[in-house]
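Peer 1: Sharing a structure, written as structure tokens. Questions coming.
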Amino acid sequence: MPASTDQGLRVPSIPVVAVSWILSLAGLGISTYLTIVHFVGTQILACAGGGAISCEVVTTSAQSRFLGMPVSVLGLSYFVAAVALYSPWAWWASAKVIHLIRIAASVIGMCMVLWLLAAELVIIKKICLWCTGVHIITFILFVITLTTAPAILARFSNDPSDETLVDA
Amino acid sequence: MAQSKPQSKQASKNQSRNVGPTKKAPTKAGKSSGSKLTWSIVGGVLVVVVALVIYAVTSGGSSTTTGGHGYEAAPASLTKQLTEIPASVYDTVGVTSSVAPITAPTATSGETPLTFTPADGKTLPGVFYLGSEYCPFCAAQRWSLIAALSRFGTISGLGLTESSSKDVFPNTPSLSFYKATFSMNDLAVQAVEQYSNIPTKDGNGYTPLMKLSKEQAALTTKYDSSKYFPSGSAGAIPFLDIGNQFLVSGAMFTPSILNSLTRSDIASGLSNPNNPATQAIVAAANYLTAALCKVTQGQPGNVCTSKGVQAAATAMKISF
């Protein structure tokens, strides 16, 4: 077995894989809750308020929609994909495209978080704690994805056949 | 056969490696530059986040809180959409709503005209509004009232609010008259938001916002009564007195039309006469405008002679 393939199977390490998957599941939980709030109403929103914190104001603001779509629904879609992309099976998948999709999704997710953070801090001037939780999760996933990307992509540059990673 | 298959697979694998172009493992320098790039991107993101936080802190952060009430000024863009509804929308909608009936103001007869004398000393026909932020019917009514009043002058200081989450039609989005000021040539407006939408500690009511003056309380007692309204709606809020000549008790349309929408949805839809929420708001606003035109004796002319207002006047059987 080539050394590079052997290393590739262990990149990223099991703790990193576990953390990223747990974070994705947590993100899915929060975004599901925010989506339910969006459609049912903010009366079910459990969020400490006061001063600069108001989940209610943020989740009902004009910026709670992006290109006509509720941001909560976009977040839910993102984390549904994230749960799959950060699962152990996806991390260790032999198909390069899965890893490229994870990197692309992570970058898009991070860009979206920066926009939403700017909307909260500059336009709405309120912070939503639930949204902040989602933002932090997205940021950590972004860091994990980017820091592991070179090693993961190296697996493929060292091995011309994706399938060899599985067969080996 | 059992032995030949793995051999064949290995041979194939080896062949694949031999035929393909020679790949080199990433060099230390390559890894280092990739790592640098990665952390540069992460650092860049952190710099943007820190810059946003610094901006938010140095630019004043959240809106101010006064007297325990989280007043938040309505964004100019939102106010503009509501106070500058295109004339063509008013004219197209008239008094017709495809989704809900619109109740016209109740006309009085033989009452002494209501007048107010603002600080500038000029006595003008008076308009008095009484509502509360927790009240979903007030939340619905304010959209139309603000639209109608803005055709006569300027309203400043509108705040963001929504009805109570514990009442019927919970969280109906609206704008608040708390801290609002009115500047009009032909009308003097007094608006009172008696209670906020913040429950009291004992849970039996809402924290007070503004107090009624003796004169305002007397107006409410006299006109928001069973003399003019069925016993079920007498004494209800919102209460609106237009020059003692027209009265409204309760909302002119059901808040359910707005209940599932955001403020932004409602405001952005106001340029579309086919939008159901727009139809309700604008039809009610045309009725209110007609009543206001009656007390201003047809001023301003371009508003009072417009097609939408004339349609309302015809429906109310009034002229000016």
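Peer 1: Among the numbered conditions (1) modelled with pLDDT of 95 or more; (2) farther than 29 Å from B:Phe169 by Cα, tell me where A:Ala95 comes up short.
Peer 2: In the conditions (1) modelled with pLDDT of 95 or more; (2) farther than 29 Å from B:Phe169 by Cα, A:Ala95 misses (1) alone.
Peer 1: Now a separate question. Exactly one of these conditions fails for B:Ile102: (1) buried (at least 16 other Cβ atoms within 10 Å of the Cβ); (2) under 22 Å from the mean Cα position of the chain (by Cα); (3) at pLDDT below 80. Give me its number.
Peer 2: (3)
Peer 1: Going through segment A:69-80 one residue at a time, which ones are buried (at least 16 other Cβ atoms within 10 Å of the Cβ), of a type outside the set (S, T, N, Q) and part of a helix (DSSP H, G or I)? Please lay out each step first, then the result.
Peer 2: Step one: of segment A:69-80, the residues buried (at least 16 other Cβ atoms within 10 Å of the Cβ) are A:70-76, A:78-79.
Adding the requirement that they be of a type outside the set (S, T, N, Q) leaves A:70-71, A:73-76, A:78-79.
Scanning segment A:69-80 gives A:Val71, A:Val73, A:Leu74, A:Gly75, A:Leu76, A:Tyr78, A:Phe79.
Peer 1: Follow-up question, since we're still on this one. Only residues that are of a type in the set (Val, Ile, Thr) and surrounded by fewer than 24 Cβ atoms within 10 Å (Cβ to Cβ): list them for segment B:238-255, please.
Peer 2: B:Thr254
Peer 1: Being of a type outside the set (Lys, Arg) and under 23 Å from A:Ile123 (Cβ atoms) narrows it down to one residue among B:Ala107, B:Ala76; which is it? First the steps, then the outcome.
Peer 2: On the way: B:Ala107 fails: under 23 Å from A:Ile123 (Cβ atoms).
Answer to the check: B:Ala76.
Peer 1: Can you say whether B:Asn272 is touching a residue at least 60 places away in the same chain (Cβ under 8 Å), farther than 26 Å from B:Ser109 by Cβ and of a type in the set (S, T, N, Q), as far as the supplied structure shows?
Peer 2: So B:Asn272 passes the test.
Peer 1: Still on this structure, I have one more. Looking at segment B:278-287, is at least one residue closer than 20 Å to B:Leu175 by Cβ and surrounded by fewer than 22 Cβ atoms within 10 Å (Cβ to Cβ)?
Peer 2: Within segment B:278-287, none of the residues are closer than 20 Å to B:Leu175 by Cβ and surrounded by fewer than 22 Cβ atoms within 10 Å (Cβ to Cβ).
Peer 1: If you don't mind, another one. All but one of (1) away from chain A (no Cβ under 14 Å); (2) within 26 Å of B:Thr200 (Cα to Cα); (3) within 14 Å of the chain's Cα centre (by Cα) hold for B:Ser132, so report the exception by its number.
Peer 2: Looking at each condition in turn, B:Ser132 falls short on (3).
Peer 1: Only one of A:Val83, A:Val107, A:Val122, A:Val113 is under 14 Å from the mean Cα position of the chain (by Cα), surrounded by fewer than 19 Cβ atoms within 10 Å (Cβ to Cβ) and within 14 Å of chain B (Cβ to nearest Cβ); which?
Peer 2: A:Val107
Peer 1: Tell me the strands (runs of 3 or more DSSP E) entirely within segment B:67-185 that contain at least 1 residues that are touching a helix residue (DSSP H, G or I) at 6+ places or on another chain (Cβ under 8 Å) and within 25 Å of B:Ala290 (Cβ to Cβ). Write out each step before concluding.
Peer 2: Working: elements: B:124-131, B:153-156, B:159-162, B:173-176, B:181-184.
Where strands (runs of 3 or more DSSP E) fall fully within segment B:67-185 and carry at least 1 residues being touching a helix residue (DSSP H, G or I) at 6+ places or on another chain (Cβ under 8 Å) and within 25 Å of B:Ala290 (Cβ to Cβ), they are B:124-131, B:153-156, B:173-176, B:181-184.
Peer 1: Still on this structure: So which residues in segment A:125-145 are within 14 Å of A:Phe79 (Cα to Cα), more than 12 Å from chain B (Cβ to nearest Cβ) and not aliphatic (A, V, I, L, M), if there are any at all?
Peer 2: Matches in segment A:125-145: A:Cys131, A:Gly133.
Peer 1: Further question on the same structure: Out of everything in segment A:74-97 that is out of contact with any Phe, Trp or Tyr (no Cβ under 9 Å at 6 or more places or on another chain) and β-branched (Val, Ile, Thr), what residue ends up being nearest to A:Thr147 (Cα to Cα)?
Peer 2: Out of the qualifying residues, it is A:Val97.
Peer 1: Okay, moving on. Out of all the residues in segment B:156-167, is one or more surrounded by fewer than 17 Cβ atoms within 10 Å (Cβ to Cβ), of a type in the set (Val, Ile, Thr) and within 17 Å of the chain's Cα centre (by Cα)?
Peer 2: No, because not a single residue in segment B:156-167 is surrounded by fewer than 17 Cβ atoms within 10 Å (Cβ to Cβ), of a type in the set (Val, Ile, Thr) and within 17 Å of the chain's Cα centre (by Cα).
Peer 1: List pairs: first residue in segment B:36-52 and more than 9 Å from chain A (Cβ to nearest Cβ) and assigned to a helix (DSSP H, G or I), second residue of a type in the set (Asp, Glu) and exposed (fewer than 12 other Cβ atoms within 10 Å of the Cβ) anywhere in the structure, Cβ distance under 8 angstrom, at least six positions apart or on different chains.
Peer 2: Pairs that qualify, where the first residue is more than 9 Å from chain A (Cβ to nearest Cβ) and assigned to a helix (DSSP H, G or I) and the partner is of a type in the set (Asp, Glu) and exposed (fewer than 12 other Cβ atoms within 10 Å of the Cβ): there are none.
Peer 1: If you don't mind, there's one more thing I want to ask. Checking the structure you have, find out if any residue of segment A:50-58 is more than 12 Å from every other protein chain (Cβ to nearest Cβ) and surrounded by 15 or more Cβ atoms within 10 Å (Cβ to Cβ).
Peer 2: yes
Peer 1: Suppose we filter A:Ile30, A:Ile36 for residues that are surrounded by 15 or more Cβ atoms within 10 Å (Cβ to Cβ), at pLDDT 85 or above and either more than 14 Å from chain B (Cβ to nearest Cβ) or under 23 Å from A:Ala119 (Cα atoms) (or both); which single one remains?
Peer 2: Only one candidate passes the filter, namely A:Ile30.
The values are calculated or read from the model by the stated rules, or taken from the named source; none is laboratory data. All values reported here derive from a predicted model rather than from experimental measurement. Note that we place each Cβ from the backbone using ideal geometry, even for glycine, and neighbour counts take in every protein chain shown.
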